[in-house]
Amino acid sequence: MTAVHPRRSTAGAVSALLVLLGLLAGPTGCGGAAHKPARPAADPAVQQLLDRRAAAVRQHDQQAFLAGVDPHATRFQAAQRRVFGNLAQVPLADWSYRLVRTDAFPLPPMAGTGGTRRTAAEVQLRYRLSGYDAEPVVSTSYLTLTQRAGHWYVAADDDGASAGHRSAVQLWDQGKVTAVHGTHSLVLGLGDTKTLRGYAADADRAVPQVQHAWGTAGWPGTVVIEAPRTLDQLGALLAADPDDYKGIAAVTTGELGGSAQAPADRVIVNPAAFGELSAFGRQAVLTHETTHVATRLATTAHTPLWLSEGFADWVAYRESGRTAPEIAPELAQDVTAGHIPAALPTAADFRPTSTDLAQAYEGGWLADRLVADEWSPDQLTALYRAAGTGATLDSVLRTHLHLSLTDFTARWRTYVQQELG
């Protein structure tokens with residue numbers, strides 16, 4: 001299951017994370033309708049075409065790459081030329097295509113086809129970044145292929161969109177990618193190099209903080225950041241409405257509860273929202289997102305959102321020296337007015353349309369902080385790992401904290417009042 005963890009920015013503090021569960025057509029997702037059983041291509045030359053194009057990318061051979069584009073599709077050929085150039089700085093360890101099926105979507109009518117054959121192909125791109133990805137990132141494209149004079153070509157990648165089969169968008173589809181290498185990070189971005197170096201510096205400071213809190217097992221101790229230039233580009237990378245991400249500074253994508261063979265996570269930065277943050281806020285955001293990268297294998301659909309999001313905030317704010325009211329201003333305002341939350345935040349409280357979104361994240365942070373303060377940081381990480389195993393939350397709390405869920409909730413309510421009242 002793919003998770004997206006957007007990181008919101010709010011006035012006065014950095015708070016609120018949102019988790020959306022489901023398959024998204026982003027860096028690690030596959031878009032479109034449910035797959036039909038794969039059927040073999042009408043001609044094995046289709047896969048051979050894809051193999052030649054993949055080899056051209058790996059070998060930095062633009063001429064060979066463009067030789068696989070339909071010479072009659074002049075606009076698409078120009079776009080493919082730009083994409084190839086945009087990839088120049090991306091440190092690729094591998095790049096391959098796999099034909100999943102043909103007849104994947106209805107093709108629009110084509111006038112004057114003559115003897116030209118066409119097929120609508122669903123194709124999987126698999127790529128790895130050198131030094132960062134142990135397993136390939138996988139995305140899906142829906143391609144129109146044409147056969148002319150016995151040779152197959154790629155003619156378009158957007159004919160399936162009207163039928164709901166949209167090709168996944170990658171950063172290099174949007175502009176020339178600049179690569180900045182940090183000590184623990186790689187930043188791939190469309191913006192100016194100075195800004196990208198700032199992202200790398202923040203990420204490099206975040207990784208040791210996360211290692212101190214979570215440890216080094218189960219994650220590579222590195223983070224890959226993608227930085228589009230605009231909000232619309234961010235939306236395209238996530239196959240989502242960009243308006244939903246206006247106030248979100250960064251998004252983490254990854255596979256919850258995956259194995260060591262799960263695709264690598266990506267942190268995607270929204271430059272506009274991220275740029276509005278203070279230096280402290282920017283550091284907190286990237287530490288939080290890096291925490292999601294580190295905890296991905298231990299996080300499953302069973303992990304309560306208040307625990308996963310609260311833990312990431314706990315790591316981000318652990319050594320900040322900020323007071324609870326400074327970090328949780330929205331919830332502090334409620335408590336001052338006499339409104340103490342009755343229950344731990346639910347999944348519904350973390351929806352982007354929730355009127356209590358900030359309070360949900362702040363309440364989650366205080367719940368994790370409570371465990372670390374009154375038990376220990378080690379107990380908090382143990383509780384986190386146990387919560388993703390499928391056992392009930394009540395039983396996990398009884399085992400690790402010797403409290404029922406009801407009793408823990410009561411303890412948390414008292415703690416919230418003490419810290420924010």
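Taken over the stretch 65-111, residues that are free of Cβ contacts under 8 Å to residues at least 40 places away in the same chain, closer than 17 Å to GLN147 by Cα and surrounded by fewer than 16 Cβ atoms within 10 Å (Cβ to Cβ) amount to 5. Every condition in (1) among the acidic types (Asp, Glu); (2) assigned to a helix (DSSP H, G or I); (3) closer than 24 Å to HIS292 by Cα is met by ASP334 except one, and the failing one is (3). If ASP202 passes every condition in (1) open to solvent by less than 60 Å² (accessible area, probe 1.4 Å); (2) under 28 Å from ARG52 (Cβ atoms) but one, which one does it miss? That leaves (2) as the condition not met. Filtering the stretch 294-341 to residues that are in contact with a Phe, Trp or Tyr (Cβ under 6 Å, 6 or more places away or on another chain), aliphatic (A, V, I, L, M) and within 26 Å of ALA134 (Cβ to Cβ) leaves only ALA294.
For the criterion of being touching a residue at least 40 places away in the same chain (Cβ under 8 Å), out of contact with any Cys (no Cβ under 7 Å at 6 or more places or on another chain) and in a loop (DSSP other than H, G, I, E, B), ALA360 fails.
Residues are listed down the side, and each one gets a yes or a no for (1) within 25 Å of the chain's Cα centre (by Cα); (2) hydroxyl-bearing (Ser, Thr, Tyr):
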site	(1), (2)
GLN77	no, no
ASP94	yes, no
TYR97	yes, yes
VAL138	yes, no
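A Cβ distance below 6 Å, combined with a sequence gap of six or more or placement on separate chains, defines the contacts here; from the stretch 330-356, residues that are over 22 Å from THR303 (Cβ atoms) reach residues that are assigned to a loop (DSSP other than H, G, I, E, B) in the pairs VAL335/GLY421. Where strands (runs of 3 or more DSSP E) sit wholly within the stretch 128-192, those with at least 2 residues that are within 18 Å of GLN48 (Cα to Cα) occupy 137-148, 151-156.
Before we move on, is ALA264 at pLDDT below 95, closer than 26 Å to TRP95 by Cβ and open to solvent by less than 40 Å² (accessible area, probe 1.4 Å)?
Working: at pLDDT below 95: yes; closer than 26 Å to TRP95 by Cβ: yes; open to solvent by less than 40 Å² (accessible area, probe 1.4 Å): yes.
When the stated conditions are applied, ALA264 passes them.
ALA149 meets all of the listed conditions (1) open to solvent by less than 60 Å² (accessible area, probe 1.4 Å); (2) free of Cβ contacts under 8 Å to residues at least 60 places away in the same chain; (3) at positive phi but one, namely (1). Taking the criterion of being in contact with an Asp or Glu (Cβ under 9 Å, 6 or more places away or on another chain), more than 16 Å from ARG205 (Cβ to Cβ) and open to solvent by 10 Å² or more (accessible area, probe 1.4 Å), the only residue of the stretch 307-322 that qualifies is TRP314. Within the stretch 368-413, being assigned to a loop (DSSP other than H, G, I, E, B) and open to solvent by 20 Å² or more (accessible area, probe 1.4 Å) holds for TRP375, SER376, THR389, GLY390, ALA391, THR392, HIS402, LEU403. For the stretch 208-221, filtering for residues that are touching a Leu at 6+ places or on another chain (Cβ under 9 Å) and modelled with pLDDT of 95 or more leaves 1.
The values are calculated or read from the model by the stated rules, or taken from the named source; none is laboratory data. Since this is a predicted model, take the numbers as computed values, not measurements. Virtual Cβ from ideal backbone geometry, glycine too; neighbours counted across all protein chains shown. Accessible surface is based on the protein model in full, side chains and every heavy atom, while ligands, DNA and RNA are left aside. Shrake-Rupley method; radii C 1.70, N 1.55, O 1.52, S 1.80 Å.
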